[in-house]
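Have a look at the structure below, then the notes.
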Amino acid sequence: MTRKAQARLGVLLVVPLLLLVGIFLVFPMINAVYYVFVDFNGINPAPPWVGLANFTELAQDPDVWAAFSNNIIWIVLGTVGPIVLGLALALLLWHVERGSVFYRVAFFLPYILPQVAVGVVWGWIYEPSRGWLNKVLETVGLGGLTTGWLGNPDTALYAVLATAVWVTLGFVFVILLSALKGVDMDIVDAARLDGANGWQRLVHIVLPQIMPVFLMVTTITLLGGFSVFDIIFVMTGGGPAGASEVLGTLAYSSAFQLNRISYGTALALVITLLAIPFAVWLNRLQRRVSLEGTS
Amino acid sequence: MAATTTTPAPARTAPLQAELTPRARARLAGKHALLIALSLLMLFPLVLTISTAFKTEQDVQVNPFGLFSSFSTENIVTAWTVGGFGGYVLNSLLLTVPSTLIVLALSTMGGYAFARLPFPGRDLAFYVVVVGLLVPFFTYMIPLYFQLRGMGMLDSLVGVNLVLASTGVSFGTFFMRAFFSDLPVELAQAARMDGASEWQIFTRVMLPLVTSGMGALAVFTFLQNWNNFLVPLIYMPGGDYRPLTTGLYLFLGGRSIDIGPLAAGTLITILPVVVLFVALQKQVTQGLVSGAVKG
């Protein structure tokens with residue numbers, strides 16, 4: 001009797017959720033798989049079947065490889081940067097009590113801002129003639145380094161990347177700081193008494209204790225690097241001349257500016273396929289972390 | 001919540017200032033000096049936005065990025081009226097509030113069913129829902145455009161709210177399920193003994209116990225949807241209900257030389273987010289940290 005009533009309510013509670021997910025997530029996903037095997041231009045109701053042609057074209061497209069290598073740069077620097085800086089900040093704030101709320105707000109705030117707004121303001125900082133970055137460089141005698149950061153093909157990607165690091169490091173910082181609060185201080189103190197220096201204590205005592213969380217936040221940041229879009233789209237639009245193009249911006253412009261719907265979908269699908277191994281790994285890690293938490 | 005990071009071991013209380021040796025005190029002062037300098041560096045773009053937004057028109061033309069060299073509210077007025085940001089604020093609310101409520105309702109209902117109400121096919125249903133955590137929005141955003149076009153849901157409040165909700169329910173269901181799983185089973189059994197129906201157990205016994213989780217999810221989802229750029233960019237091509245994010249992008253493209261009103265528009269875009277975050281920073285960071293660990 002109870003079981004039946006439970007099952008009935010269970011189904012009732014889940015139906016609206018399944019409807020929403022089915023219509024707006026699963027259905028377009030299945031459609032995506034169909035799109036990549038045809039040549040759809042957005043208009044023809046019965047697009048011709050082309051098999052793997054979209055993928056073979058993609059593999060030979062120099063723009064795709066350029067975008068892909070930008071993604072790799074983004075994934076490596078956009079992960080290492082926030083992790084190193086976020087960890088350093090978390091260690092710095094670890095035992096500070098006074099003012100810790102203010103510091104936490106200051107470091108985390110960039111992460112919750114809309115990236116369009118972030119892009120606008122950093123665009124001003126990078127402005128060639130009046131921007132703060134060039135002004136500061138001139139003031140400290142590094143005037144030779146000044147450039148139009150977003151307009152120069154050599155610097156555009158890295159300038160946007162620096163902004164992304166500024167955005168992401170607060171996220172890494174907050175998660176690592178809360179992991180640090182769970183570190184067993186008795187072991188750290190014992191190591192100190194045994195003569196371990198700060199670096200040794202960090203590498204041999206502290207890091208192993210926060211390793212699951214550390215790996216998890218690394219993977220989350222890394223995964224973000226595959227589907228980066230907003231900030232590049234707003235700050236450079238992938239330019240100048242494709243210098244900061246990534247797979248995400250390329251997929252968007254193929255589909256919505258060049259009406260190459262199938263090609264754009266194939267590109268987007270490639271992003272997913274590349275990211276899935278990391279996503280699965282993240283999922284395993286998270287299960288491990290939450291199991292440790294509940295035990 | 002039993003995640004590792006949300007229940008830190010009792011942190012060692014910092015020794016009182018008076019007990020510190022002069023050397024330790026100097027170190028602490030140095031730490032604070034460094035932390036304050038870094039905080040200001042992190043907050044600088046925000047300061048720059050406020051400074052430029054409140055300049056007089058003359059001052060913006062000569063010296064747009066000099067800090068606080070004049071004061072006027074004319075840029076705010078221009079952005080709000082001529083720039084259309086007043087309307088964008090309303091549209092952002094129309095897109096964010098309903099979609100957040102949908103996520104909250106469906107995730108709580110689904111989370112409870114998946115945690116506590118066994119029914120045939122439950123595991124399969126759960127996998128279908130959480131597949132959204134593994135597959136990025138990119139994969140299916142292009143087919144979804146044509147699907148919405150076919151359904152007559154482009155440029156529609158209903159359509160875009162449902163899409164925004166669908167991007168949030170996978171995480172939300174996962175998140176709420178964890179909260180319900182942590183509640184003791186005996187509670188429901190006791191209520192059942194007293195003759196409560198399954199519906200009453202859900203609404204009167206269980207729901208009140210997960211309000212903190214619902215609060216965290218609400219804030220998190222609100223921020224996510226408020227900041228969302230790609231969904232309105234793609235699915236609101238006509239711009240009838242353009243929210244702040246794409247509104248700011250449009251303004252940037254059309255009138256990027258009007259730095260004063262642009263700064264004011266940026267400020268209007270980020271202000272609700274900043275206020276919400278500063279007021280609820282504990283919920284936001286905790287929800288996010290436990291979400292990252294558990295979800």
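Since every read-out is calculated from the coordinates, none of them should be taken as a lab result. The model shown is predicted, which means the values in this text are computed figures rather than measured ones. Cβ coordinates were reconstructed from backbone atoms using ideal geometry, including for glycine residues, and neighbour counts include every protein chain displayed.
Mind putting together the pair-distance distribution for region A:63-294? All Cα pairs, 10 Å bins, whole percent per bin, short to long.
Result returned by the calculation: 7, 26, 31, 22, 12, 2, 0.
Taking the Cα atoms of region B:84-294, what is the range of coordinates along each of the three principal axes, in descending order and whole Å?
On the principal axes, region B:84-294 reaches 69, 41, 28 Å in Cα extent.
Over region A:118-208, what lengths in whole Å, largest first, do the semi-axes of the equivalent ellipsoid take, defined as the square roots of 5 times the eigenvalues of the alpha-carbon gyration tensor?
Working from the Cα gyration tensor, I get semi-axes of 41, 16, 10 Å.
Using only helices, what value at 222 nm comes out for the protein assembly as shown when you add -39,500 (n - 2.57) per DSSP H run of length 4 or more and divide by the total residues, to the nearest 500 deg cm²/dmol?
Mean residue ellipticity, 222 nm, calculated: -23000 deg cm²/dmol.
Taking only Cα atoms and a 10 Å spring cutoff, compute GNM fluctuations for chain A and point out the largest among A:Val14, A:Val84, A:Val203.
In this elastic network of chain A, the residue with the biggest mean-square fluctuation among A:Val14, A:Val84, A:Val203 is A:Val14.
In whole percent, what relative contact order does region B:99-173 give with Cα contacts below 8 Å and a gap of six or more residues?
63
If the elastic network links every pair of Cα atoms under 10 Å, which of A:Ala196, A:Ala162, A:Ala88 fluctuates the most in the Gaussian network model of chain A?
In the Gaussian network model the winner is A:Ala196.
Restricting to Cα pairs below 8 Å that are 6+ residues apart, what does the relative contact order work out to for chain A? Please round to a whole percent.
Relative contact order, chain A: 26 percent.
Extending each Cα 7 Å along its Cβ direction at B:Glu57 and B:Met151, get the distance between those two points in nm, one decimal.
Here the answer is 4.6 nm between the modelled labels.
Just tell me which lysines come within less than 23 Å, Cα to Cα, of B:Lys282; anything on the same chain fewer than 8 places away is out.
A:Lys181, B:Lys294
Where in chain A are the DSSP H helices whose alpha-carbon span along the long axis reaches 24 Å or more and whose Kyte-Doolittle mean is at least -0.5?
Qualifying helices, which must be both long enough and hydrophobic enough, are A:2-21, A:62-93, A:156-180, A:207-226, A:261-294.
D for region B:19-78, whole µm²/s, Stokes-Einstein with Kirkwood Rh over alpha-carbon pairs at 10 °C and 1.306 mPa s: what number?
115
Just counting partner chain Cβ atoms within 10 Å, what average do the residues of peptide A:175-183 show around their Cβ?
Counting Cβ atoms of other protein chains within 10 Å of each residue's Cβ and averaging gives 6.
Run through every distinct alpha carbon pair of the protein assembly as shown and return the Kirkwood hydrodynamic radius in angstroms, one decimal place.
Taking every pair of different Cα atoms in the protein assembly as shown, averaging 1/r and inverting gives 25.8 Å.
If R0 is 30 Å, what FRET efficiency do you get for A:Asn283 and A:Ile23 from their C-beta distance, rounded to 0.05?
Rounded to the nearest 0.05, the efficiency is 0.75.
Within 9 Å, Cβ to Cβ, of B:Asn63, how many net charges do the neighbouring residues add up to if Lys/Arg are +1 and Asp/Glu are -1?
Net charge in that neighbourhood comes out at +1.
Report, ordered by chain and residue number, the aspartates and glutamates lying within cross-link reach of B:Lys31, taken as a straight Cα distance under 18 Å and ignoring same-chain residues fewer than 8 apart.
Straight-distance partners of B:Lys31: A:Glu97, B:Glu19.
Quote the convex hull volume per residue of region A:163-295, based on C-alpha atoms, as a whole number of Å³.
It comes to 133 Å³ per residue, whole-number rounded.
Which one, B:Asp240, B:Asp194, B:Asp258, has the greatest fluctuation when you compute a Gaussian network model over chain B with C-alpha springs under 10 angstrom?
Largest GNM mean-square fluctuation: B:Asp194.
Per residue of A:264-273, what is the mean number of Cβ atoms on other protein chains within 10 angstrom of that residue's Cβ?
Mean number of neighbouring Cβ atoms from other chains: 4.
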